[in-house]
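The values are calculated or read from the model by the stated rules, or taken from the named source; none is laboratory data. Being a predicted model, the structure only gives us computed values, none of them experimental. So basically every Cβ, Gly included, is an ideal-geometry build from the backbone, and we count neighbours across all protein chains shown.
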Amino acid sequence: MFKLKNILVLFAVLVFSTANLFSENYIIKSIDIQTDFAIVEGINSKISLVAKDSLGNIADINCVREIKLNNKVFNIVFVDGIAEFEYIFNEKTDLNIQCEGIEASKTIKPIPLWMSIIPPLIAILFALIFKEVFSALFIGLFSGTFIIWIYSGTNVILSIFKAILTIPDTYVLRALFKTEHLSIIIFSMLIGATVQIITKNGGMKAVINILSRRANNPRSGQFVTWLLGLVIFFDDYANTLVVGNTMRPVTDKLKISREKLAYIVDSTAAPVASIAFVTTWIGAELSYIQNSITQLGLNESAYNIFFSSLKYSFYPILTLIFILILIYAGRDYGPMLTAERRAREKGVTAADMEQKLQTDLKEMEVSDHIKPNIYNAIIPIAIIIFGTIAGLFYTGWNPAVWENKSIGFITKISETIGASDSYKALIWGSLGGLISAMFLSLSKKKLGLQNTMDSMINGFKAMLSAIVILILAWSLAALISDLHTAEFITSAIQSANMSPYLLPVLSFVISALMSFSTGTSWGTMAIMYPLVLPATWFLCQETGMDYNASLMLFSHVVSTVIAGSVFGDHCSPISDTTILSSLASSCNHIQHVRTQLPYALTVAVVGLVFGTLPVAYGLSPWIAYPILIGVCFLIIRFFGKKVEPVKQ
């Protein structure tokens, strides 16, 4: 009986399986045609054929079927009831599918490729006109989703509503569902909280007090201010507010003009934060780079590319060197010379100040009962730095690399970091820094539990605007990827016969103009990176450049977008860091902009002419730097004049 039962079961299985094999012709009762959300003219689009059974469910078939697509016959493979293939639409097309007696059709109206530039262009124009990046990014997103819905056949009124809803339910969610994006948000919040706590517990003030004791004349006073700007490298806002407010009494005593103080403060804020390894900037920069290399399918690390790009960061690095030359030479030119001579002769008086943003300044103040302690700042910062480095080595460690005697030590480090999970390392390091800052504040009863937690929350709040910009930027990047904007830019550059070697210069200029007009380097990077990085790579490949040469130019463009964004932000009268520099230095804002602009323009032009352009064409950056420094020295020597002594 048992054997008979087993035989019957086996027979039933065989009958069912055979029936399934021979019933392919009638299992499929209908076919649904599904396409990409955005279909762009002249670009490969994915078409999915979904086989349905009599109940409307996806048919459970795995086989090869012959189909007729607009009277052209070919074979496709169904896997779990779904067959996929690519198709290029060059015009409005009635897509007709016939599969063994079953017919399905769909009208496709592709979006013209030139329209793919509209969303980023609108975002840029709105940012320029209204000087506000949040609404600019949102309007850019809306324009893109509206175009997609209109070309899908939806009427105008319904397209408006669908376009608005598509932003949060499709593109924002897509941005937030990526692990690396969430990692950046967490890292940024942790860094912001750490900065706030070590500021409130007196750690930052202790660092400043030690450095300020070394200043006893105008030259040393300016040098200490410059050095302090390098020490507080991890956040441009913290740098500006802390250095300006703390060094102002020292520089006033030494008869250094408020304009010169504001210039040094402003010039050691964003330029330093943009190129340092562990800052509130690095997360966003790595995110933009990672998005592009993922889109392009490059087997590269975002951190590795960022490190490779640093040697091309001529404007930020040269700005720091330019200040040192000014300090060493004791010379100035333009409106700054007038301001410095006035300060030396008449002393420094409080300028007529703007009162806005005083809340930010108040939040950076330390309570009178808290005694500054340098270890409250040094220990958390050291843990962030060394914790991140340890995390990079831990996640990227490969014994085979370190046992390979044919490669050098630097190459081993580069390969280890390149293979690391930088997002985990940044989170680990910043979390360690935050925990240590909280522990130091509580163990020595500096702040107390309530004040410590309040400081942490305020630090989270301080990063909110940056995080919103990031989310909108990630969403816009996803949209313009769907619309294949990079392909349009590449084709436009190719049709103009533009050399790919001019892309670093072009990227710098466009980024500078955008950042100057909007007052935000973060917003500029958010818009520029998704456009120029894929376009750079595509153009390099189209012109026949090999992989290494393409990657080198790609890294160069990474740096020029950062440099151009920082330069524009540095000069812009509506930039938050420029305004904060004026406030923290108690300098008239317009005077700060007037005196700083000639210096920033000098560095930018010298960097472009003697750095970015020749290096793009093959000159080693290590040869370019001595030339750049020499040119800056000659400009200061021949155009600058001694500030003191001034003879009447």
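Here are the numbers for this structure:
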read-out	value
Condition met for PHE538 (assigned to a helix (DSSP H, G or I), surrounded by fewer than 21 Cβ atoms within 10 Å (Cβ to Cβ) and touching a Leu at 6+ places or on another chain (Cβ under 9 Å))	yes
Residue within the range 599-618 that is at pLDDT 90 or above and assigned to a loop (DSSP other than H, G, I, E, B) present	yes
Of all residues in the range 527-543 being more than 18 Å from SER313 (Cα to Cα) and aliphatic (A, V, I, L, M), the one that is nearest to the chain's Cα centre (by Cα)	ILE527
Listing of helices (runs of 4 or more DSSP H) fully contained in the range 119-220 that carry 2 or more residues being within 26 Å of the chain's Cα centre (by Cα) and more than 17 Å from SER465 (Cβ to Cβ)	133-151, 156-166, 173-176, 179-200
Residue check, ASN6 at pLDDT below 85, exposed (fewer than 12 other Cβ atoms within 10 Å of the Cβ) and part of a helix (DSSP H, G or I)	yes
Among (1) surrounded by fewer than 18 Cβ atoms within 10 Å (Cβ to Cβ); (2) in a helix (DSSP H, G or I) - the single one MET115 does not satisfy	(1)
Residue that is loosely packed, with under 14 Cβ neighbours inside 10 Å and not aromatic (Phe, Trp, Tyr), where the choices are PRO626, PRO598	PRO626
Tabulated pairs, the range 541-561, first more than 12 Å from LEU503 (Cα to Cα), second among the small types (Gly, Ala, Ser) and surrounded by 17 or more Cβ atoms within 10 Å (Cβ to Cβ), C-beta under 7 angstrom, 6+ apart or interchain	GLN541/SER550
